[in-house]
């Protein structure tokens, strides 16, 4: 891996956030973000390079978990909300055609309200699970998700 990084440096003067995977001494895999800067003297002659690597494994893991959370949240919202929308559209059509009594209307609104309440409950459960799963999450965000 070092040869690969050195080859990249040879072709570019400065590198920002070049990511690579390494195996640490304990055998765990780490993701490192490398930054390099060329060192030159006053005449523009290259003296060497400064290379700094930063472990971004935790950041990458959290990023992937947040993307997964967003995907699951969207899924939990999309389908039920579409069902409510379709039911309400159908109710509007029935009202416009005069095929719906006041009692039917009240019943359908109550049913759709219960569906919306279930969506909110599902999101609260998901948010609580996420706030408990991330130790590195800021306290304000944990509070927001668990309310």
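Return the FRET efficiency for the residue pair residue 22, residue 141: r is the Cβ-Cβ distance, R0 is 41 Å, and the value is rounded to the nearest 0.05.
0.85
Tell me the Rg and the Dmax, in Å, that the Cα atoms of the chain produce.
Both quantities, over Cα of the chain: 27.4, 89 Å.
Starting from 0.36 nm per residue, how many nanometres of slack lie between residue 118 and residue 81 once their C-alpha separation is accounted for?
That works out to 12.3 nm of additional length.
Helix 57-96 sits at what angle to the longest principal axis of the chain, using alpha carbons and giving 0 to 90 degrees rounded to 10?
That helix lies at roughly 20 degrees to the long axis.
In degrees from 0 to 90, rounded to the nearest 10, what is the angle of the helix 2-11 Cα long axis to the longest principal axis of the chain?
Tilt of helix 2-11: around 80 degrees.
Taking only DSSP H segments of four or more residues, each worth -39500 (n - 2.57), what value at 222 nm results for the chain once the sum is divided by all its residues, to the nearest 500 deg cm²/dmol?
Calculated at 222 nm, the ellipticity per residue is -21500 deg cm²/dmol.
Between residue 88 and residue 74, 0.36 nm times their residue separation minus their Cα-Cα distance comes to what?
So the chain would gain 3.0 nm between residue 88 and residue 74.
Every number in this text was worked out from the coordinates using simple rules, so none of it is lab data. The structure displayed is predicted, hence computed values, not measured ones. Note that each Cβ is placed from the backbone with ideal geometry, even for glycine, and that neighbours are counted across all protein chains shown.
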